[in-house]
Structures are given as structure tokens and as C-alpha cells.
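Peer 1: Just passing along the structure, written as C-alpha cells.
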Amino acid sequence: MKMLPFAVGLVVAFGTGYVCGEFFGFPWWQRLITVVVVVMALEGANQAVGRARARKRALREPGPEADQRSSRS
């Protein structure tokens, strides 16, 4: 799996909000903040991993710039 689907992140976030409410006694507004923070953290991690993979792939595969340089020589 290349990236975590958004739906999985949403389920994890709501699960975290539920746990915080049941075990730590968070009111509804703190649960909502927790859900938003967890979704944002998971999305940020997804984007960071995606960009790192793209950068690694770009460094491994020569692009059109390398072809132009070799044809000039």
C-alpha cells in the first residue's frame, strides 16, 4: 500500500476521539479538536511519505534534462 486511505485516517481519528472521551473524560469540544488534530497529523504523514517517495524516484530515474545534456555532447 503506497499511502494510507483517508477513510482509514478518519476511522482512527474518531476511534481516538472516542477513547479520549470514554477513558479521559473529554467533553465534546475536546473530542472534536482531537479528531481534527489526528486527521491532520495522519494526512501530513501521508504527504511527507508521498513526497519522499517521489523525490527518491526522481533521483533514481534520470529525467528529460539528462537526455538533453547527453545529446548536446
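The values are calculated or read from the model by the stated rules, or taken from the named source; none is laboratory data. All of these numbers come straight from a predicted model, not from anything done at the bench. Every residue, glycine among them, receives a Cβ derived from its backbone with ideal geometry; neighbour counts consider all protein chains shown. Just so you know, the surface numbers come from the protein's heavy atoms only, side chains and all, with ligands and any DNA or RNA stripped out. Shrake-Rupley method; radii C 1.70, N 1.55, O 1.52, S 1.80 Å.
Peer 1: Of all residues in region 1-23, which are aliphatic (A, V, I, L, M) and open to solvent by less than 50 Å² (accessible area, probe 1.4 Å)?
Peer 2: Initially, region 1-23 is screened for residues aliphatic (A, V, I, L, M), giving 1, 3-4, 7-8, 10-13, 19.
Selection gives Ala13 alone.
Peer 1: Still on this structure, please answer the following. Which pairs turn up if I take residues in region 34-47 that are of a type outside the set (A, V, I, L, M) and look for partners that are part of a helix (DSSP H, G or I) with beta carbon separation below 8 Å, at least 6 apart in sequence or on another chain?
Peer 2: Sorted first by the residue in region 34-47, then by its partner, the pairs are Thr34/Ala13; Thr34/Thr16; Thr34/Gly17; Thr34/Cys20; Glu43/Phe6; Glu43/Gly9; Asn46/Gly9.
Peer 1: Return the residue satisfying two criteria in turn: it lies in region 49-73 and is open to solvent by less than 60 Å² (accessible area, probe 1.4 Å) and outside any loop (DSSP other than H, G, I, E, B), and of such residues it is modelled with the lowest pLDDT.
Peer 2: The first filter runs over region 49-73 and keeps only residues open to solvent by less than 60 Å² (accessible area, probe 1.4 Å), leaving 50, 52, 54, 63, 66.
Those left that are additionally outside any loop (DSSP other than H, G, I, E, B): 50, 52, 54, 66.
Values: Gly50: 87, Ala52: 87, Ala54: 85, Ala66: 55.
Here the answer is Ala66.
Peer 1: Given the condition under 12 Å from the mean Cα position of the chain (by Cα) and either at pLDDT below 90 or open to solvent by 80 Å² or more (accessible area, probe 1.4 Å) (or both), answer yes or no: does some residue in region 24-41 qualify?
Peer 2: So the first thing to find is which residues in region 24-41 are under 12 Å from the mean Cα position of the chain (by Cα), and the list is 38-41.
The next check asks that each one be either at pLDDT below 90 or open to solvent by 80 Å² or more (accessible area, probe 1.4 Å) (or both); those that pass are 40.
Yes, because at least one residue in region 24-41 is under 12 Å from the mean Cα position of the chain (by Cα) and either at pLDDT below 90 or open to solvent by 80 Å² or more (accessible area, probe 1.4 Å) (or both).
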